[in-house]
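The values are calculated or read from the model by the stated rules, or taken from the named source; none is laboratory data. Predicted model only: the values in this text are computed from it and were never measured. Here the Cβ positions follow ideal geometry from the backbone for every residue, glycine too, while neighbour counts run over all protein chains shown.
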Amino acid sequence: MSKCGCGWEFSSDLMIKYHNEKWCKIEKDEDELFAMLVLETMQAGLSWSCVINKEEAIRKTFKGLAPRKVLSMPREEIEAAYENKDIKFVGSTIIYSYLQAIGVINDHLISCSYR
């Protein structure tokens, strides 16, 4: 039986996997909550598919996005990783996307099988 989606996820296998397995699903793991906030912040001004395609490299660069490990990174290492990024604040759009990503807000279409 095929499942209906929201429409935006069909651009790649990674996007389908994210839509079907993570987006709008309740997340309780503290490390993953932090990771999703960082990823959503990095998404500012980009399409989510850019972040999904680079997620593995981002997690590797930032020690799995585990908060305690990131805090132990030398400041210079973090600054180098953020080079060429203009990240100055987390605004309402990023927070809304974050709340979708961790399942607080469920914005799957009513017709979506994953709602």
Would you confirm, using the coordinates I've provided, whether V90 is more than 25 Å from K17 (Cβ to Cβ), touching a residue at least 12 places away in the same chain (Cβ under 8 Å) and either crowded, with 17+ Cβ neighbours inside 10 Å or over 11 Å from the mean Cα position of the chain (by Cα) (or both)?
yes
Taking the residues in region 39-58 that are among the aliphatic types (A, V, I, L, M) and surrounded by fewer than 15 Cβ atoms within 10 Å (Cβ to Cβ) as candidates, determine which candidate is modelled with the highest pLDDT.
A57
Kindly indicate whether L109 is out of contact with any Pro (no Cβ under 6 Å at 6 or more places or on another chain), surrounded by 11 or more Cβ atoms within 10 Å (Cβ to Cβ), aliphatic (A, V, I, L, M) and not in a helix (DSSP H, G or I).
yes
Run G45 past the list (1) under 12 Å from the mean Cα position of the chain (by Cα); (2) farther than 16 Å from A101 by Cα; (3) in a loop (DSSP other than H, G, I, E, B) and report the number of the one that doesn't hold.
(1)
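Go through the residues of region 27-38 one by one and say whether even a single one is in contact with a His (Cβ under 9 Å, 6 or more places away or on another chain), under 14 Å from S97 (Cα atoms), buried (at least 16 other Cβ atoms within 10 Å of the Cβ) and modelled with pLDDT of 85 or more.
There is no residue in region 27-38 that is in contact with a His (Cβ under 9 Å, 6 or more places away or on another chain), under 14 Å from S97 (Cα atoms), buried (at least 16 other Cβ atoms within 10 Å of the Cβ) and modelled with pLDDT of 85 or more.
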Evaluate the following for N84: is it at pLDDT 90 or above and surrounded by fewer than 17 Cβ atoms within 10 Å (Cβ to Cβ)?
no
